[in-house]
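Throughout, read-outs are computed from the coordinates displayed, never taken from laboratory work. Remember, it's a predicted structure, so these values are computed and weren't measured experimentally. We place every Cβ from the backbone using ideal geometry, glycine too, and count neighbours over all the protein chains shown.
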């Protein structure tokens, strides 16, 4: 049995949200799964993208949570090549909404060019689901 404590809980709109857990995004034939842990403001976990007719992207997340946003580095392998990409998710209750925007490669890492211009894709959220493991 999981006990909730302040270290893995975020308060949004005066409501406590336990971020630790599993999330899934499904769109047509594409799916993505994420499992995150939260300790104080540090977020760790993994993220896998299974896009139809494309190679699997599978890797780890490491970042921080500030306000209602998770800012993390996604270190993943695709087609045998290791890459690092900056990711941002907006916390909306038990949902994580991915952010997208213009990107550039800098110091062997793909980053957003302007974090203030990030657009959040509410039509493809990651919904909290039961962890299978």
### Task
Please provide three numbers in whole Å: the alpha-carbon extents of the range 80-127 along the principal axes, with the largest listed first.
34, 28, 14
### Task
Would you please give the FRET efficiency between residue 83 and residue 129, computed as 1/(1 + (r/R0)^6) with r the Cβ-Cβ distance and R0 = 22 Å, to the nearest 0.05?
0.25
### Task
Arrange the following residues from fewest to most other Cβ atoms within 10 Å of their Cβ: 122, 71, 49, 23.
122, 71, 49, 23
### Message
Give me the percent relative contact order of the chain, please, defined on Cα pairs under 8 angstrom at least 6 residues apart.
### Response
19 percent
## Note on the structure
Taking alpha-carbon centroids only, the range 23-72 lies from the range 114-132 a number of Å equal to 9 Å
### Listed residues 65, 88, 103, most fluctuating in the chain (Gaussian network, C-alpha, under 10 Å)
103
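At 20 °C and 1.002 mPa s, grab the translational diffusion coefficient of the range 6-129 from Stokes-Einstein with a Kirkwood Rh over Cα pairs, rounded to a whole number in µm² per second.
144 µm²/s
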